[in-house]
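First up is the structure itself, then whatever we jot down about it.
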Amino acid sequence: MVARSHTVGCTAVCDVDEDRRSVHIVDSRAVVPGAQAIARAASLLRLVTASGDRGITVSELARQADLTRPTTHRLLTALRHEGLVDQDEKTGAWMPGPELFLMGNVAAARYDITEIARDIVRSLSVRTEESAFLSVRRGDETVCLVNEEGSFPIRSFVLHEGVRFPLGVASAGLAILAFQPSHDVDAYFERHPELEQRWGAAHSEQRLRRRLRETTERGYSLNPGLIVEGSYGIGAAVFTREGHPQWALSLNGVEFRFGPDRLPELGRTLLAHAHQLTSRIASVRR
């Protein structure tokens, strides 16, 4: 006899064989009708929002989502009909639609901390003269929520609001991943064996684990030009009241501004602002 149990929030269904006392984990996408189409549409929405104001072409969306162009266009057309995406009539680029704005405003009441964090991000930028950012963890990625440009005239433009990176790639995600429980870190690497192939040899599991250890020892992460040559970033985790690393503050700039003579001071300033934001979150969300 087979008994089926559903756990709220899980992405899998457990089939329990009571006679044989075994449990089979079944991917819910294989048993929920329409789940594949929803997953594909959600992937396109994330890519479109990450493109920002400049938009993104259907060809690039198809490539990044690993879909055929006709499938991509069909999904985009359906999303546009619902107001979730829009298309520039002149360039043909796809951009976020008005319904996303309305949905975002509703969700912000529960998930958004940008208003209580914005002055801290600004202070961090003013104190260091570098561009400062607030990112949030979403699944196995980080998403940039707030960007405050630095006053130093030479800047790096790797990160801006809406940009996503896998955990462990950009400095924000590296800081968040470093303070996860070890079993969660192990599970992350099991889910993402493609990191080295996609992001280069510097993102092999061995090298990433070494950077994670260095991050916990130092308190903040360092990305020494691993995404774009010459563009350095440092990140510090921001924690929930329960002590979970859910956000990160980071600084980004050109290489010579993050040298050994200046890096320790930047790190101390970054950690102080991350601690301030962690304390503010705890006091606001009581």
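The values are calculated or read from the model by the stated rules, or taken from the named source; none is laboratory data. Note that the structure is predicted; figures quoted are calculated from it, not measured. Don't worry about glycine lacking a Cβ; one is built from the backbone with ideal geometry, like all the others, and counts go over all protein chains shown.
In table form, for the structure just shown:
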{"read-out": "Hey, residue 77 farther than 30 Å from residue 266 by Cβ, modelled with pLDDT of 90 or more and surrounded by fewer than 16 Cβ atoms within 10 Å (Cβ to Cβ) or not", "value": "yes"}
{"read-out": "Failed item in (1) within 19 Å of the chain's Cα centre (by Cα); (2) closer than 20 Å to residue 274 by Cβ; (3) at pLDDT 95 or above, with residue 165 passing the rest", "value": "(3)"}
{"read-out": "Test result for residue 125, touching a strand residue (DSSP E or B) at 6+ places or on another chain (Cβ under 8 Å), modelled with pLDDT of 90 or more and of a type in the set (Ser, Thr, Tyr)", "value": "yes"}
{"read-out": "Which numbered condition residue 189 fails, given (1) out of contact with any strand residue (DSSP E or B) (no Cβ under 6 Å at 6 or more places or on another chain); (2) under 24 Å from residue 139 (Cα atoms); (3) touching a residue at least 24 places away in the same chain (Cβ under 8 Å)", "value": "(3)"}
{"read-out": "Failed criterion for residue 151 (all others in (1) buried (at least 20 other Cβ atoms within 10 Å of the Cβ); (2) modelled with pLDDT under 90; (3) among the polar types (S, T, N, Q) hold)", "value": "(1)"}
{"read-out": "Filter result for residue 270 (of a type in the set (A, V, I, L, M, F, W, C), crowded, with 17+ Cβ neighbours inside 10 Å, under 18 Å from residue 146 (Cα atoms) and touching a His at 6+ places or on another chain (Cβ under 7 Å))", "value": "no"}
{"read-out": "Members of region 174-188 that are part of a helix (DSSP H, G or I) and polar (S, T, N, Q)", "value": "182"}
{"read-out": "Residues (farther than 20 Å from residue 237 by Cα, surrounded by 15 or more Cβ atoms within 10 Å (Cβ to Cβ) and either within 17 Å of the chain's Cα centre (by Cα) or among the hydroxyl-bearing types (Ser, Thr, Tyr) (or both)) located in region 173-198", "value": "192, 195"}
{"read-out": "When residues of region 199-243 are limited to those that are outside any loop (DSSP other than H, G, I, E, B) and of a type in the set (Gly, Ala, Ser), the one surrounded by the fewest Cβ atoms within 10 Å (Cβ to Cβ)", "value": "201"}
{"read-out": "Where residue 227 falls short, out of the listed (1) of a type in the set (A, V, I, L, M); (2) within 26 Å of residue 115 (Cβ to Cβ); (3) modelled with pLDDT under 90", "value": "(2)"}
{"read-out": "Residue count for region 80-96, restricted to those that are surrounded by 14 or more Cβ atoms within 10 Å (Cβ to Cβ), over 14 Å from residue 46 (Cβ atoms) and of a type outside the set (Asp, Glu)", "value": "4"}
{"read-out": "Conditions (1) over 19 Å from residue 162 (Cα atoms); (2) polar (S, T, N, Q); (3) at pLDDT below 85; number of the one not met by residue 49", "value": "(1)"}
